[in-house]
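J.: Here it is, the structure in full.
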Amino acid sequence: MLKETIEIKNRLGIHARPAATIAQEACKYSSDIFIIKDGMEVNAKSIMGIMMLAAEQGSSIELCINGRDEENALCALRGVFSKIFEEE
Amino acid sequence: MIIVKGISASPGIAIGPAYIVKPDNTVIEKRRIPSTNTVWELRRFEEAVEKSMADLDASEAQVKSLLGSKYSKVINAHKLILKDPLLISAVKNKITNEQLSAEYALSVCVKEITSRFENLKEELFRERKYDLADVAKRLFENLTKKKQNKFSAIKEPSIIIAHNLFPSDTINLKSKNVLGFATDIGGKTSHTAILAQSMQMPAVVGLSDASLQIRDGDLIILDGETGVIIINPEPKILQDYKKEQIKISEAEQSLKNISSLPNETVDGHKVALYINYDPRRDVKAWDSFQSDGLGLLRTEFIYMDRFDPPGEEEQYQIYKKTAQKFGKRPVTIRLADLGGDKITQLGLGRREKESNPFMGCRGIRLFLKYPELMFTQIKAIVRTSAEVDCPVKIMIPMVSYAEEIREVKKVLKEIVREFSSNGIIPRHPLELGAMIEVPSAALSLDGILPEVDFVSIGTNDLIQYLIAVDRVNQEVADLYDPYHPAVLRTINFIIQGCRKKGKPVSICGEMASDPEMIPFLVGLGIDILSLSPRMFLRIKSVLRKLNFKDCANLAQAALLMTSSEEIENLTDNFPLSSD
């Protein structure tokens, strides 16, 4: 099981479009992927779940990945997040 | 006979019997299934999911070809919801563990998720529940197999009457048996309205409770020009509308015939006719207009309905695609005119709610306050200008001081230099122009002209600022008057000022698309009229009937008049040559 804390750096936080991008990427892996924020845990493959986290700039989320392809998944999701943060 | 006033969503007139789309009031029964049947019930649910996904794939392709990829993203979000474990796994769990029927399990889960959405702080987030509702409806229909196209039962050409239509319904209306549609809710810019326009199907929306007043088979006149429907019209009115319908189709035909003729008056005075362009809409018919260029690309629409401003790459792709349609003809890109009535939530930090947004931070003011927005947009424009054959022009909205233009110029120069050093070089010099829509800019035009290559008059705002009337405010909207002597004189002042300095001047506001105003504007010596696509051929046909000398005389007479009434009379009675 891999864990990683990510700080939300972009001004607008994880809104609709980033949520779609994250969920779409997470769906490519067989591992279980969860995002935890303030004790709330959602499935990273769920676009609606991610949106409900309403993760704003400056907040921290924790990625928990467990499964056969966890390393690839973590690597890919890191890339997705840094791309989201770059967008502004 | 009953007349109901709504909002015109798509022009044209349709006459035919009503076909009522009944609202879906199915109550879902709480039904338990025997534990031996849960596997079968799961399978039924999975089949409905698969079927819904196939439906969405089909509409995605349809929307993409009809409206472009921007709209098909809406469908993509629906596909993600359909794959969302928060919904799908939850329903399956309920079926297995609580032995609920698939329908009931789905309705419980949708209700739960919806209430969680409703508790979110931001409105745009809360509105996601409608996307969930559209997906859920699709699932229900595939579960109960009830739907199978609710429009297929239409036997004769009819007018669809519904409380509301989802965009997914609207696409299915494209059959020969649908003449037009009317709905109780919705606005002019809703996805449904935009779809209707691109399908060239007359539509009226926002009719409050009209769907309850109409019965199946009632004769309906749907007037998409003025936004009314008439239920069971009197014979006389029906006759008039039938004539009007013929007139419109004849006019459309004859307008098509003038497409290839030059944009000039009877006596050979040329006026360039440009087109205003909304980047969200990509209507194939517009490409057939032989316009002289793009006079106003309304880029602010790219910023609407989203949380984060569009990035450089996204904008570049849009501008490039648009500019390429114009070949070698000039393309004018207006810097986003955000603020005012085009409020947008772009997460620009804590913005105080303005008590007077039209006089507040909008247009170039907002860009100077949030320069990163301006940098991104100008970069995208400069990149476009290095890639396309046409001259690209940049237009600055809401200029009230010459300093504002100098600021933009500095930024533009810096960006061009930076790109040039990387080998990205504009193919034509990038021209910079100012919108003149604030009285202070009009009156100090001599200070502005040395800073710009061209000027464009934004009549909508100019009128509102000159008369000090908010055209959105119902209490005073009737004071908004393009015929006010002050308006005509100010426009004349701007045109003459530009002519003296040899700077081209255009008009891109609604006034340029008003047939009655054309003789006056032509008579003042306007170089370019930039028109809304809908009016392009109509205005061209007016121009081609005018005599320039008569127009010049009319303009001079109008400038001497002191009341709107006199001026309106004068233009009303102005003879067109071929009449």
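The values are calculated or read from the model by the stated rules, or taken from the named source; none is laboratory data. Bear in mind the structure is a predicted one, so any value in this text is a computation, not a measurement. Using ideal geometry, Cβ is built from the backbone for each residue, glycine included, and neighbour counts are taken over all protein chains shown.
J.: Do any strands (runs of 3 or more DSSP E) entirely within segment B:207-321 hold 1 or more residues that are more than 30 Å from B:Pro391 (Cβ to Cβ), and if so, which?
T.: In segment B:207-321, the matching strands (runs of 3 or more DSSP E) lie at B:219-223, B:228-231.
J.: Name the residues in segment A:50-73 that are within 11 Å of chain B (Cβ to nearest Cβ) and either small (Gly, Ala, Ser) or more than 14 Å from B:Leu86 (Cβ to Cβ) (or both), would you?
T.: A:Ala54, A:Glu56, A:Gln57 - these are the residues of segment A:50-73 that are within 11 Å of chain B (Cβ to nearest Cβ) and either small (Gly, Ala, Ser) or more than 14 Å from B:Leu86 (Cβ to Cβ) (or both).
J.: Which of the residues that make up segment B:359-392 are in contact with a Lys or Arg (Cβ under 7 Å, 6 or more places away or on another chain), aliphatic (A, V, I, L, M) and closer than 18 Å to B:Glu418 by Cα?
T.: B:Ala386
J.: Then there's this: So which residues in segment A:7-27 are within 12 Å of chain B (Cβ to nearest Cβ), farther than 11 Å from B:Leu80 by Cα and not in a helix (DSSP H, G or I), if there are any at all?
T.: A:Asn10, A:Arg11, A:Leu12, A:Gly13, A:Ile14, A:His15
J.: Quickly run through segment B:69-118 and pick out the residues that are within 14 Å of chain A (Cβ to nearest Cβ), farther than 30 Å from B:Leu195 by Cβ and of a type in the set (Asp, Glu).
T.: B:Glu112 - this is the single residue of segment B:69-118 that is within 14 Å of chain A (Cβ to nearest Cβ), farther than 30 Å from B:Leu195 by Cβ and of a type in the set (Asp, Glu).
J.: Hey, another quick one. Within the set of pairs 6 or more residues apart or between chains, which connect a residue that is more than 15 Å from B:Pro575 (Cβ to Cβ) and assigned by TED's automatic domain parsing to the domain that holds B:Met517 inside segment B:529-550 to a residue that is buried (at least 18 other Cβ atoms within 10 Å of the Cβ) and of a type in the set (Ser, Thr, Tyr) with Cβ atoms less than 6 Å apart?
T.: Close Cβ pairs satisfying both conditions: B:Ser530/B:Tyr274; B:Ser530/B:Ser506; B:Leu531/B:Ser513; B:Ser532/B:Ser513; B:Met535/B:Ser513.
J.: For segment A:34-49, check the following and say yes or no: at least one residue is in a strand (DSSP E or B), within 9 Å of chain B (Cβ to nearest Cβ) and on the phi < 0 side of the Ramachandran plot.
T.: The answer is yes, given that some residue of segment A:34-49 is in a strand (DSSP E or B), within 9 Å of chain B (Cβ to nearest Cβ) and on the phi < 0 side of the Ramachandran plot.
J.: All but one of (1) in contact with a Ser or Thr (Cβ under 8 Å, 6 or more places away or on another chain); (2) at pLDDT below 90; (3) within 14 Å of chain A (Cβ to nearest Cβ) hold for B:Arg350; state the number of the condition that does not hold.
T.: All conditions pass for B:Arg350, except number (1).
J.: Which of the numbered conditions does B:Ile425 fail, given that it passes all the others? Conditions: (1) assigned to a helix (DSSP H, G or I); (2) surrounded by fewer than 20 Cβ atoms within 10 Å (Cβ to Cβ).
T.: Of everything listed in (1) assigned to a helix (DSSP H, G or I); (2) surrounded by fewer than 20 Cβ atoms within 10 Å (Cβ to Cβ), B:Ile425 misses just condition (1).
J.: Restricting segment A:50-88 to residues that are closer than 18 Å to B:Phe117 by Cβ and not in a helix (DSSP H, G or I), which is nearest to the chain's Cα centre (by Cα)?
T.: Once the filter is applied, the top-ranked residue is A:Ala55.
J.: Scanning segment B:299-319 for residues that are modelled with pLDDT of 90 or more and surrounded by fewer than 18 Cβ atoms within 10 Å (Cβ to Cβ), which turns out farthest from the other protein chains (Cβ to nearest Cβ)?
T.: Residue satisfying both the conditions and the ranking: B:Gln317.
J.: Moving on. Could you please find all residues in segment B:450-475 being over 12 Å from B:Val399 (Cα atoms) and of a type in the set (A, V, I, L, M)?
T.: Selection gives B:Ile463, B:Leu466, B:Ile467, B:Ala468, B:Val469, B:Val472.
J.: Let me ask something else. Please state which of the following conditions B:Ser211 fails to meet, knowing it meets all the rest: (1) touching a His at 6+ places or on another chain (Cβ under 7 Å); (2) at pLDDT 95 or above; (3) not basic (Lys, Arg).
T.: (2)
J.: Taking strands (runs of 3 or more DSSP E) that fall entirely within segment B:1-118, which contain at least 2 residues that are buried (at least 20 other Cβ atoms within 10 Å of the Cβ)?
T.: Fully inside segment B:1-118 and qualifying: B:7-10, B:13-21.
J.: Name every residue in segment B:433-492 that is in contact with a Cys (Cβ under 7 Å, 6 or more places away or on another chain) and part of a loop (DSSP other than H, G, I, E, B), in order of residue number.
T.: Residue satisfying the conditions is B:Gly458 alone.
J.: So, one more: Quick one: count up the residues across segment B:150-168 that are modelled with pLDDT under 75 and not in a loop (DSSP other than H, G, I, E, B).
T.: Summing the residues that are modelled with pLDDT under 75 and not in a loop (DSSP other than H, G, I, E, B) in segment B:150-168 gives 2.
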